[in-house]
Amino acid sequence: MASAALRRFSRFLLSFYAVPVPPPYAAPPASKENLEYADLAIIDLSKADTVAGRKALAAEVVRAMASHGFFYAINHGYTQEQTARVFSIANLTFDGVDGDEKKTYTGQSGAVYEGYKPRQTWKIEDGVQDQIEHYNINRNVRKRQHPKAMRPYLQDIEAFAHHNHFNVLHPILRLLALGLELPEDTLVEQHKFEATGETSVRFMKYFPRSADEEQRTKQVWLKGHTDIGSVTILWSQPIGGLQILSPDGAWRWVRHMDNALVINAGDVLTFLCGGFYPATRHRVVQPPSDQVGLPRLGVFYFSMANDDVKLVPHEASPVLQRVGIQRLCTDEDAPTMEEWRKNRTVAYGSSQLVPSQEKGVEEEIISGVVVKHYN
């Protein structure tokens with residue numbers, strides 16, 4: 001027995017020391033510009049371990065969603081060192097894979113974000129296309145093949161996907177359900193890890209643009225939009241560019257916070273929660289002047305409901321019964337998660353937008369729902 005235990009311990013040590021170290025990514029310093037930042041709430045997820053803590057946090061999240069639709073999450077369970085390792089793996093995904101291999105792993109379906117999305121895929125404005133490259137990984141990390149440089153780190157990415165889903169997403173969904181006075185796991189049941197769907201890890205790199213492109217797009221890199229899914233988890237990084245549209249109509253910057261998460265609501269929460277948690281309007285612009293010319297590396301977890309979930313409001317919510325339900329469409333016409341994500345993915349960055357009656361807004365119709373883009 002003792003020798004067997006010793007052999008298991010030896011194998012553990014060997015596996016521990018065999019773990020490869022990715023080429024380190026050195027994050028640049030945060031901007032020192034005097035910018036107009038949004039005043040976002042800070043939610044301490046460590047307090048969600050108790051019933052009393054969740055009740056208190058739920059009230060904070062309701063206020064945060066009502067005021068900005070964004071908030072920071074701290075004490076989420078990953079150390080600064082673990083987070084730095086994930087960013088190093090993310091950077092390797094772009095800098096450690098050559099162009100020919102990237103073509104092999106470029107997504108083949110316009111209806112699913114998978115593998116690489118090359119730069120200059122989306123229309124931005126005045127003939128200018130995006131300079132954003134990203135790599136999408138289904139939460140079932142081994143569902144698809146990955147480039148050779150990434151394969152030694154698949155266990156890291158699997159652990160990262162599980163952490164985001166069970167230690168960040170599910171606690172937040174419980175707080176959102178409590179905010180609607182629904183049973184805690186109401187939304188969790190609609191976001192199961194093992195269900196069919198396209199919840200994903202995304203590594204994203206924004207590359208600098210020419211002066212001409214910046215002028216033609218008024219320095220906008222990604223137009224104002226709402227996210228397709230339920231909850232977006234952005235791992236904060238120091239290169240500025242993310243802005244949110246505040247209730248007063250002003251675009252304000254999101255400040256970097258070390259080892260914090262930036263959380264926002266997407267379209268699916270608007271569907272499921274009857275407008276009580278509206279999808280957040282946000283955009284990406286050229287970084288501040290002291291960061292111009294630097295590539296912007298992003299790490300995300302984009303959550304979506306199970307593919308078979310019909311996107312209708314939870315009418316049983318006592319809160320919705322008091323304040324009223326704001327529907328995006330009739331319940332009979334409501335799409336499933338699968339229909340919504342496929343139709344929005346196909347249309348994004350390629351469809352012809354038409355001017356809205358709202359100033360500075362363009363529109364398109366997806367699954368019978370008006371989708372707005374903010375200039």
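In this structure the amide hydrogen of residue 122, modeled in the peptide plane, comes within under 5 Å of the amide hydrogens of 130, none closer than 5 places in sequence on its chain. Once both labels are positioned 7 Å from their Cα atoms along Cα-to-Cβ, the gap between residue 372 and residue 352 label points is 2.3 nm.
Checking the cross-link pairs 148/223; 205/310; 103/123; 192/223 against a 23 Å limit on the alpha carbon distance flags 148/223; 205/310; 192/223 as lying beyond it. The mean sequence separation of alpha-carbon pairs under 8 Å and at least six residues apart, normalised by the residue count of segment 29-374, gives a relative contact order of 21 percent. Within the straight-line cut-off of under 14 Å between alpha carbons, the aspartates and glutamates reachable from residue 143 are 114, 158, 194, 198, sequence neighbours fewer than 8 places apart in one chain being disregarded. Based on the reciprocal of the average 1/r between different C-alpha atoms, the Kirkwood radius for the chain equals 21.7 Å. In the chain, the calculated helix contribution to ellipticity at 222 nm averages -8000 deg cm²/dmol per residue, counting -39,500 (n - 2.57) for every DSSP H run with n ≥ 4. As a ratio to 2.2 N^0.38 Å, the alpha-carbon radius of gyration for segment 52-132 is 1.64.
Placing dummy labels 7 Å off each Cα toward the beta-carbon, the span from residue 82 to residue 363 is 4.5 nm.
Take residue 194, project a point 7 Å from its Cα along the Cβ direction, then tell me which residues of segment 103-141 have their backbone nitrogen under 20 Å from it. Label zone hits: 138-141. How much length would be gained if the chain were fully extended between residue 333 and residue 257, taking 0.36 nm per residue of separation minus their Cα-Cα distance, in nm to one decimal? That pair, residue 333 and residue 257, stretches by 23.3 nm at full extension.
I'd like the distance separating the alpha-carbon centroids of segment 67-131 and segment 277-304, in whole Å. When both Cα centres are located, 11 Å separates them.
No value in this document is a laboratory result; all are computed from the given coordinates. Worth saying up front: this structure is predicted, and the values here are computed from it rather than measured. A quick note on method: Cβ atoms are made from the backbone with ideal geometry, for glycine too, and the neighbour counts reach across all protein chains shown.
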